[in-house]
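Take a look at the structure set out below.
Nothing in this text is a laboratory measurement; each read-out follows from the coordinates by a stated rule. Since this is a predicted model, take the numbers as computed values, not measurements. When we count neighbours, we look across all protein chains shown, and the Cβ atoms used for this are built from the backbone with ideal geometry, even at glycine.
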Amino acid sequence: MMIDIENVTDSYVSLKSNVTEANLNNSEKFKAELIAFIDEHNKKVVLDLSSISYMDSSFLGALVSSLKHAIASKNDILLVGLKPDIHNLFSLIRLDKVFKIYKNLTEATAI
Amino acid sequence: MRITTTRKEFIFLNDSLVLTPSLKQVLAFLEDSTGASLVENYELHFKVKSITTELLTNGFKHSHANTVNLLVDIDSSHIIIQKYDSGPPVTFGKPGPVAGKVQLSYDIMCRLFANYTGEHNVSFSIEECTDDEIPDIESVTEHFGLLIIAKCADEFTYHYNAENRLNLFTAVIKLPSA
């Protein structure tokens, strides 16, 4: 498993990636795991990506595809713990306008 | 920026498991060749890392050869990273354009274009959309590789050499003047 479950509340499920290198090699498997969590819990997902130091476009595409799935089922994916390079990658292609990105779980669930 | 003019060819096994080690190898070479300059310039380092990552990903994803090949050139004013492989030419957008501008992707955030300057010569360009609204998620593309390179490079081109059946992607990064 590339995603660990941290906590489940009435309003959200918090998940944590244990992947360091997020790329072509594991993007489809990660997406399948994430979608399985969304379908199983049917609530907002807070996804901690602090483990990731390297990310490529394949993985970004998998995250966008997962978000489409979440929104289609009236849920959402909130991202937390992005390292500076990863956050800048999201900003570069303006995916920071697509995903709700927060520093940590506390900030993400405060609203 | 104090740079030693140099060139190095990298030939990696075409196996996506070695993607990150390959990236680290190229970055280590660039860091060595540019002294501390690259490491200390966050923006430049980010661009080089992103371009190299995406050229390698493109290679591992699309190359039908046994290897993924990068050629890196550094001089006092540029870093040039080229990815090449043998095989049939790549077509961007509608098949068979001889000249003109083809839109490769579009969403509310930006448009990516392939500008054909010949049958097998393309330069990539971006047009940012100024709308700050949150885009409709269904309209957002899931393919970001060319977009990332086009955004990070000062020039990003594709050329197919029909004589030796070679596909060549070239990303040029201008270095800040000393």
Spatially proximal aspartates and glutamates relative to B:LYS49 (Cα-Cα < 13 Å; intrachain offsets below 8 disregarded): A:ASP56, A:ASP85, B:GLU31
Span-like helix ranges in chain A, DSSP H, alpha carbon extent 18 angstrom or more, Kyte mean at least -0.5: A:27-41, A:57-72
Helical mean residue ellipticity (222 nm; -39500 (n - 2.57) per DSSP H run of 4+; nearest 500) of chain B: -8500 deg cm²/dmol
Order of B:SER125, B:SER37, A:SER66 - criterion: other Cβ atoms within 10 Å of each residue's Cβ, fewest first: B:SER125, B:SER37, A:SER66
Region B:143-178 residues near the modelled B:PHE29 label - backbone nitrogen below 17 Å, point 7 Å along Cα→Cβ: B:168-173
Footprinting exposure proxy for B:LEU175, B:LEU55 (fewest neighbouring C-beta atoms within 10 Å first): B:LEU175, B:LEU55
Residue-averaged 222 nm ellipticity for chain A, from DSSP H runs of 4+ at -39500 (n - 2.57), nearest 500: -12000 deg cm²/dmol
For region A:62-95 versus region B:38-59, the gap between their alpha-carbon centres in whole angstrom: 21
Full-extension gain in nm, B:ASP154 to B:VAL18, via 0.36 nm per residue minus C-alpha separation: 46.2 nm
Length gained when the stretch B:ASN164-B:ASP73 is fully extended (0.36 nm per residue, less Cα-Cα span): 30.6 nm
Fewest-first sequence of B:SER139, B:SER86 by Cβ atoms within 10 Å of each Cβ: B:SER139, B:SER86
Range of Cα positions in chain B per principal axis (Å), largest first: 43, 42, 32
Whole-percent pair-distance distribution, where bins are 5 Å wide, for the alpha carbons of region A:3-108: 2, 13, 26, 29, 21, 8, 1
Given A:LYS68/B:LYS174; A:LYS44/A:LYS97; A:LYS83/B:LYS8, the pairs whose alpha carbons are separated by over 27 Å: A:LYS68/B:LYS174; A:LYS83/B:LYS8
Cα-based equivalent ellipsoid of the protein assembly as shown: semi-axis lengths in Å, sorted from largest, via gyration tensor: 34, 22, 18
